[in-house]
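Notes follow the structure.
A short reminder: the numbers here are calculations on the coordinates, not readings from a lab. What you are looking at is a predicted structure, and each value in this text was computed from that prediction instead of being measured. Here Cβ is always computed from backbone atoms with ideal geometry, including for glycine, and neighbour counts include all displayed protein chains.
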Amino acid sequence: MDIRALGFDDWFGAHAEALLRPGQSVARVMTVDRGAFLVRSEQGETSAELAGRFRFGIESASELPCVGDWVGIEQASPTLAVIHAVLPRRTFLRRKAPGKTVDFQMIATNLDVACIVQSCHYDFNLHRLDRYLVAATEGGVEPVIVLSKTDLVSPDELAGLVEQIRGNGIAARVLPISTVASSGMDEFRDLLQPGRTFCLLGSSGVGKTTLVNHLLGQNALDTKAVSATGEGVHTTSRRQLIVLGNGALLVDTPGMRELGLLGATDGVESSFADFQDLASQCRFPDCTHTREPGCAVRAALAAGEVAEERYQSYLRLRKETEFHDMSYAEKRKKDRDFGRFIKTAKKDRKY
């Protein structure tokens, strides 16, 4: 396969030329499953493992190969490749690692469009949508909102959901679809252009895997029947990059119970650009938009120019990412201090 059909271009080519050593070639990571990798190169698909030197040289789990990455490989056998390097990522989707760990977890990389899927029936949530939009914006990925399972709501209810999105100041493209009624699927297929990489992102049970199967025209991926209440059932357990029949590339991801924000300050400000315009009119340059006099954001809120729900979402997301950013900085400092201690101890033992 021509790797350009997998999204490889001159930008990646320049980085590959500077990074790869003789005997190595480029491949794209198609699947990551519990530390096991499947990569595709011009020679085809093969399993892959990390080179020891690469594995022990990384400082964070976010540096490990992720679905969508371009990597430098060396063929160890006809069925096994060794990964020696990860090429720089042009775009990415990432989140704070689940739980108390203060570190990044990569979701997918080198994406063109993030299709944020929310079910019209049970999953629709503006606060969660804001969170996904911030993550996409922070990683330089174009967001498209996909409202699934439109067959479960009336036309008036669907129009109301779209109105809520627009009323919340969200300008991203909205695509209502139903795989059951096949409505909106032509528009969705038109979105999926050959050689471009798309990602399905959303909670468990919103119909991402069913959507992939519909696009493939077969039940290639396992799905489960919806529950008695009409809610979807979580199925996908690994991230994988799928090549569709028209040449578009689609990442299917497991549903996420939480999408914590870390290092997303720029994404928050970009996603709430209207707040930034207002903030420039505040009396104090460091205004937190909560209690200071002369706050233009709160004045707009009082005048009904800013929706209360959007205002609260902005404050919540900004506070969260600032808190996690501070915790991450402290963690990195402790890691560096410990590293220096180990080096000093090893040096002292030599004498």
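Summary of values
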| quantity | calculated |
| --- | --- |
| Average Cα contact separation per residue, the range 3-86, under 8 Å, 6 or more apart, as relative contact order % | 30 |
| Base-10 log of normalised Debye intensity for the chain (one unit scatterer per alpha-carbon) at q = 0.15 Å⁻¹ | -1.32 |
| Computed [θ] at 222 nm, deg cm²/dmol, the chain (DSSP H ≥ 4; -39,500 (n - 2.57); rounded to nearest 500) | -10500 deg cm²/dmol |
| The range 267-284 - phi-based ³J(HN,Hα) in whole Hz, Karplus 6.51/-1.76/1.60, Gly and Pro as x | x, 5, 5, 6, 5, 10, 4, 5, 5, 5, 4, 5, 4, 5, 9, 5, 5, 10 |
| Peptides 317-330, 261-274 ordered by average Cβ neighbours within 10 Å, highest first | 261-274, 317-330 |
| Taking the chain and dividing mean pair separation by its residue count, relative contact order in percent (alpha carbons under 8 Å, at least six apart) | 14 |
| Relative intensity, log₁₀ I(q)/I(0), of the range 1-93 from a Debye sum that treats every alpha carbon as a point, q = 0.14, 0.20, 0.23 Å⁻¹ | -0.44, -0.96, -1.31 |
| The range 92-252: Lys pairs at Cα distance under 26 angstrom, eight or more positions apart or on different chains | 4 |
| Which of Leu93, Leu192 has the fewest Cβ neighbours within 10 Å, and the rest in rising order | Leu192, Leu93 |
| Expected-Rg normalisation [2.2 N^0.38 Å, Cα atoms] applied to the range 88-177 | 1.19 |
